[in-house]
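Participant: The structure follows.
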Amino acid sequence: MTNITYGKVKKTRSSRACENCRARKIKCSGNQPCSNCEIYNCPCAFTPIKRKNLSDKGIERIANNDHLFQENNASTTTNIRSDFESTNDANKPASSSEVSPIDSDESELMKFSVIPDNNDDYYISDLEKQKTFITFETMLQQLRSVRSSEDLVNNVKSNIQRQIQTLLDNWAPQVDFPKLDGKLNDGSTNEGNCESVETLLMKNKYRERLRLARFTVWSDRQNDKDRSGPSSFPQAAIADHRARIFCPINMSLKGIAFLLKKYILDAKDSRNVTLLKETVYFLLRLFDLSASYDKKYLTFMKDPLIFLLQKNCITLESTNPFSRNHLVARTIRSLPQLFVDTVLKRPVDDLISFIDDDSAMFKILVNLYTIHRNHLGNFLLDYDYSTPPSIQQNKEFRDHCDTEDMLAALCTNYYNALLYRTEDDDRFEYLELLSELVHQSVILQRWYYVKHLLGNAIPTAIEIGLPRWEYYVGLDENTAERRRNLWWKLYCQEKSFSFRFGTISSIDDNYMNCLLPNEFRKIGILYNKDFVANFSNIPVEAFDKMTVSSLKLYGECALLQFISVFQRKNILSDEYTSILNTGKHPLLRKKLLDKFITEFKDIYEIKEMIQTHTRRLFHIAGQSPSTAGVSKAEWKEAADFVLFQNQTISSMLGSAAQVVARLTEVQKEDPVSCQLEESSSYLYQMWNEMNSILLKLEDDYDVHNALVYYSVVAIMVVAKGFDILGTFLSLDDLIGVLRIFKRLDNISFFKNNENDSVKGTRFYEDFQKGYFTMSLISRVLFISYMDEKGIDSQYLIDLLKIKAPDIGDLPYLLLDTRSYIFEYIRQPIKKSGFNLEVREMLEHASSLKKVNNPHFELSNRKETKPDERHIDVDKVGLNQNNTDESSSKTKLSPFSPITSQLDGSGQAMDTQSGVRDSLESSFGIKENKSSLSGTLTNQDIDINWKSDLNIGTLDDFINNTDLNSLYSQLWNNDDLDVLF
């Protein structure tokens, strides 16, 4: 609504406000939908507010007549009133700050009505409490319409508000145990077996669908006319342990379905659909390779030396078995000469002489592995990537990669040997070695290895008393401080892993009372609980004299202690995650949600407090390494801490989103966007800060190492979980991400290395996973920016040429699915056309569906018109319609898959060399022609396999896949219109 005055538009206030604007207490445009609801992507609804004025006599009647409080439930109301009168002064006037215990917006109350009982749940009736609440709120609504400052009116309001609060505090679901026991002992259901108690308690009169997490929705399908069968899978839990209920990011099939819906089915510009469809294909492939990667290296953990042989297509003769020590000795003798000369610096027989002493051998190998990792890192940091590597440099790089594989296998072999055989005197040193292996594995993002190492290290540390001060009495101070430092190092490693993946920590802070490291005692803090209680009283000046290393250690340990408390009291608290919350009245759940969001803001206070204490590190990281006034190593430490803090806080934001989803009623909008919109700005600021730091790193390989922190936050941004892209994303942000990816693309050893033995090493695989993940992040942001701004690809490319000419032809390569960037992900299924990990998961899910519903049928094929297949060639400037490899004009990279290549017949080609030749000659054993490395051939796969989802090759997927059916299958076909 506007008035025109002197040629200017003057805005006037709207006479009405929608429900969301009322709740947020912000101005409403009065339109439907209003401008605020459009920004927050929330439903916009206007509810008329009916007011009824009361006379003075009416006010006195409410204040003086008890029957109004008792007409629905005499016993309940009388108890509430007597409880109030015994604890409150009836004549005390209401404070101006007092508000109703529920939302003060009257529109919420207009929708409230008594919800009758039903026979399908297992809770005792709460009808009387509902009626009592309505009585109280009706009176309160009438009093709100009275514009009076008299003490009598305020007194009555205050009394009613307190009684409502008492009612809500005592209104909790009560389980009907006799009815529940009767159900469990009813032998007529499913051959004497019925659904679990947990499943039965999910059923209630208030809701038929519930979220356990953002992408995990339970549905009572017995009450759903469109579905048949039992309300839960017979052999599968609704919450898959692989998805992790409180994980900040959802790298799962349902997570991909979420992105599919957000980016494609809801896309603003249909011109970008094909580009996004290709991206979905790559996401499925990345998910598949990641799952295969983890499964493969779980096998590596079990028998690493045999795995090393099999990976290089070598098998032992069945008539020539070898002992473990023989395998160890032969592997050591196969180490490249470069390692022997630069790291070992002694004959290999000296190392082999310790072969029977498992503890000594493990210590030597871990130390050698650490030294070698430093040598490899320095080799990659010192190389000038502006020139292609020479033959000699390629050979040296290959030797480094071979050595890394062999030493990792040897270390794991002795780790397995010592699992149950370490003596008490050796276990402390053993834990130090495990902690070092955890550190190296985190840098490489080998999370399967980190999980197993910590799963052994933490119980062992607790068993020898590291977290308890009593076990330090009688020790000299040097030994005691060494033990303290080890415990807090393991504590930080375990907590960081737990927060990153949303798992329950194996360390209970309540039973931990050992002293903190020396850095804390210098500022007057002795132990954990003392630190948490007195943190705000520590003078900021106390940190000015700390070295960069000490300040970094303090910051990490302090942050993780506070986040641990926050996780225990909020994310994992029974108050917010109890199974009884599923049966609570919607008003009670809303009250609980409001409380969680209020307490959630503590995370911002934690961030600000830690940042105040470590402000020197932020100051250093905010400058370039050359102008920061510290050494290059100190600048890296400061930058590393800032990246670590932002990743940890962001992980908590993601975990909190899972709790918000659980407490939000299932509606069509995304609950997180509306409830945690404030978090979007925080997440964006942290992501922006991380972008700036990565671009300041002087060495390209350091950028790769920083992905351990950056990738989590970047994935949260592109997942659109916090509506960052539509609200905050700018052209400068896009340019920054493309420049980061360009830094990774510069590392020519991985891009131009033609040696097949390098491409089969774990180090090469680790790099490729990070590289390809970053390529998808860059591609999604690029396409999303086009979609949000309503521009085509060529316009954006031309704009980037002007704004960021240093990016070069990277945008073209990111849009071209046949460019070398995507060769790694396309190659493994170029011939076979199958995605085994995804196929296996969907096959299992489909079989469960068919058990539950015999009429279940899915199909994802459709006929596609030729003009729908590819993006506009003229706009992108690349020929993507050309699917014939022999006629492709796009330059392909020597990137190759992690497995052997396939020849034209589909048979595995002999591509392994280098380390395989060395091992073969040392062992005197044969090459296994059946491709034990896991390569897929047409003979390994049933081409006629009937699957609900066969994504096939990229061209098959683009031409033949119906996205709605694909979404249906990825989302398990249970909640197609629930989340969005």
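Participant: How many percent of the accessible area of segment 126-175 is carbon or sulfur, using a 1.4 Å probe?
Facilitator: Values: 890 of 2020 Å².
Within segment 126-175, the accessible surface is 44 percent carbon and sulfur.
Participant: If I ignore ligands, DNA and RNA and count only protein heavy atoms, how much of Glu463 is accessible to a 1.4 Å probe, in Å² to the nearest 10?
Facilitator: Glu463 has an accessible surface of roughly 120 Å² with all protein chains in place.
Participant: Work out the length of the dipole vector of segment 126-175 about its Cα centre, built from +1 on the beta-carbon of each Lys and Arg and -1 on the beta-carbon of each Asp and Glu, and round it to the nearest 20 debye.
Facilitator: Working: 6 positive and 6 negative charges, 27 e Å.
Charge dipole of segment 126-175: 120 debye, to the nearest 20.
Participant: Compute the semi-axes of the equivalent ellipsoid of segment 549-727, taking the square root of 5 times each eigenvalue of the Cα gyration tensor, and list them largest first in whole Å. Working shown, then result.
Facilitator: Numbers: eigenvalues 238, 62, 27 Å².
Over the Cα atoms of segment 549-727, the semi-axes work out to 35, 18, 12 Å.
Participant: Would you mind working out the accessible area per residue for segment 549-727, using a 1.4 Å probe, and quoting it in Å²? Present the calculation step by step, with values, prior to reporting the outcome.
Facilitator: Details: 5350 Å² over 179 residues.
With all protein chains present, segment 549-727 gives 30 Å² per residue.
Participant: Turning to a different aspect of this structure: With a probe of 1.4 Å, find how much accessible area segment 126-175 has per residue, and write the answer as a whole number in Å². Intermediate results must be reported in sequence, preceding the final value.
Facilitator: Values: 2020 Å² over 50 residues.
Value returned for segment 126-175: 40 Å² of accessible area per residue.
Participant: Can you give the accessible area per residue of segment 404-460, in Å², using a 1.4 Å probe? Walk me through the numbers before you get to the answer.
Facilitator: Numbers: 1950 Å² over 57 residues.
Ligands and nucleic acids excluded, the figure is 34 Å² per residue.
Participant: Mind listing which trypsin sites (Lys or Arg not before Pro) in segment 476-575 are in a DSSP loop and have 15 or fewer other Cβ atoms within 10 Å? Could you put the intermediate results ahead of the total?
Facilitator: On the way: sites: Arg482, Arg483, Arg484, Lys489, Lys495, Arg500, Arg521, Lys522, Lys529, Lys545, Lys552, Arg568, Lys569; in loops: Lys522, Lys545.
Sparse-neighbourhood loop trypsin sites (Lys or Arg not before Pro): Lys522, Lys545.
Participant: Heavy atoms only, probe 1.4 angstrom, no DNA, RNA or ligands counted: give me Val328, Val442 ranked by accessible area, highest first. Please list the in-between numbers first.
Facilitator: Values: Val328 0, Val442 45 Å².
From most accessible down to least: Val442, Val328.
Participant: One-quarter of the Cα convex hull surface for segment 126-175, in nm²?
Facilitator: Averaging across all directions leaves 3.5 nm² for the Cα convex hull.
Participant: Okay, next question. What's the FRET efficiency of Phe379 with Gln337 using the Cβ-Cβ distance as r and R₀ = 22 Å, to the nearest 0.05? It would help to have the intermediate numbers written out before the result.
Facilitator: Details: r = 16 Å, r/R0 = 0.71.
Taking R0 as 22 Å, the efficiency between Phe379 and Gln337 is 0.90.
Participant: Please work out how much accessible surface His439 shows to a 1.4 Å probe, ignoring ligands, DNA and RNA, in Å² rounded to 10.
Facilitator: 80 Å²
Participant: Evaluate the distance, in nm, between pseudo-label points positioned 7 Å from the Cα of Ser578 and of Lys302 along their respective Cα→Cβ axes.
Facilitator: 4.3 nm
Participant: Full extension from Thr627 to Asn960: what is 0.36 nm times the residue separation minus their Cα-Cα distance, to one decimal in nm?
Facilitator: Details: separation 333, 0.36 × 333 = 119.88 nm, distance 5.56 nm.
Stretched out fully, the Thr627 to Asn960 stretch lengthens by 114.3 nm.
Participant: Of all the accessible heavy-atom surface of segment 549-727, with the other protein chains kept in place and a 1.4 Å probe, what percent is carbon and sulfur?
Facilitator: Values: 2700 of 5350 Å².
Percent of accessible area from carbon and sulfur atoms in segment 549-727: 50.
Participant: Hey, another quick one. How much length, in nm to one decimal, is gained on full extension between Leu180 and His439, taken as 0.36 nm per residue of separation minus their Cα-Cα distance? Walk me through the intermediate numbers first.
Facilitator: Details: separation 259, 0.36 × 259 = 93.24 nm, distance 4.95 nm.
Net length gain for the segment: 88.3 nm.
Participant: Tell me the volume per residue, in Å³, of the convex hull enclosing the alpha carbons of segment 575-648. Mind dumping the intermediate values first?
Facilitator: Working: hull volume 7.2 nm³, N = 74.
Dividing the Cα hull volume of segment 575-648 by its residues yields 97 Å³.
Participant: What ranking do 383-395, 809-821 get when scored by the average of other Cβ atoms within 10 Å per residue, highest first? Please report the intermediate quantities before stating the final value.
Facilitator: Working: 383-395: 12.4, 809-821: 21.1.
Those peptides, ordered most packed to least, come out 809-821, 383-395.
Participant: So if we plug the beta-carbon distance of Lys545 and Gln32 into 1/(1 + (r/R0)^6) with R0 = 56 Å, what FRET efficiency do we get, rounded to 0.05? Please list the in-between numbers first.
Facilitator: Values: r = 60 Å, r/R0 = 1.08.
Efficiency at R0 = 56 Å is approximately 0.40.
Participant: Given a Förster distance of 30 angstrom, what is the FRET efficiency for Gln392 paired with Ala360, based on the Cβ-Cβ distance and rounded to 0.05? Before the final figure, lay out the partial values.
Facilitator: Details: r = 36 Å, r/R0 = 1.18.
It comes out at approximately 0.25.
Participant: Related question: With +1 on each Lys and Arg Cβ and -1 on each Asp and Glu Cβ, how big is the dipole of segment 549-727 about its Cα centre, in debye rounded to the nearest 20?
Facilitator: Values: 18 positive and 22 negative charges, 103 e Å.
Once rounded to the nearest 20, the dipole reads 500 debye.
The values are calculated or read from the model by the stated rules, or taken from the named source; none is laboratory data. If you're wondering where the values come from, they're calculated on a predicted model, not measured in any experiment. Glycine gets a Cβ as well: all are built from the backbone with ideal geometry, and neighbour counts include every protein chain shown. Just the protein is used for accessible areas: all its heavy atoms, side chains included, with ligands, DNA and RNA removed. Shrake-Rupley method; radii C 1.70, N 1.55, O 1.52, S 1.80 Å.
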